[in-house]
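J.: Before I ask anything, let me first share the structure, which is written out below as structure tokens.
Just so you know, all these numbers are worked out from the coordinates, no wet-lab data involved. In this text the structure is predicted, and so the values were computed from the model without any measurement.
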Amino acid sequence: MTRLILAIGWVCALAACGQPAPAGQGDSPANKVATSGKRDVPLADVPEEVLAAAAAAQPGFTPAEAQAETRDGRDYFDLGGKLADGSEVEFDIVRQDDRWRVVETQRDIALASAPPAVRSAAGDFAAARVIESRQNDGLVIYELFDAQQRKLEIKWDGQRAEKLSAEWPH
């Protein structure tokens, strides 16, 4: 029954697909991600495979909330909760080839905690919130938001910081 409810939810989400995401670095359609919009999902309705992917990525993770969406034609779950040390973390989990895998691990940080090159690349952008998004390939995307929710993304490869002109795909 739960799977039927989830399937109906996914069909509804897919029907809404194509709406642009909130404004990124620019207003052109090329800089926007097509999304169905995030919807809250009760933890009891999150597929076991999604929970298992998060647990494998970070042993000791305790989920507290979940959201689902379809983004650029791919099914995602955002699974937020706490690690064993009490720190908050969120996993972006995508379905690829009929299996769920973590593609990004996010946490809020102070801009002062970002590498100096990232802070330099941010320039005079007045970041009110900074999300550190660790990709599963080793890259880190810093998502900076100002008080008006304008967004600046900076890619960090461990040596070089680069302002992104389009939204990062995860």
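J.: Report the gain in length on full extension from Asp108 to Asp124: 0.36 nm times residue separation, minus Cα-Cα distance, nm rounded to one decimal. All intermediate terms of the calculation are to be shown ahead of the outcome.
T.: Values: separation 16, 0.36 × 16 = 5.76 nm, distance 1.97 nm.
Going from the current span to full extension adds 3.8 nm.
J.: For Asp85 and Asn136, compute 0.36 nm times the residue count separating them, minus their Cα-Cα distance, and round to one decimal in nm. All intermediate terms of the calculation are to be shown ahead of the outcome.
T.: On the way: separation 51, 0.36 × 51 = 18.36 nm, distance 2.16 nm.
Result: 16.2 nm gained on full extension.
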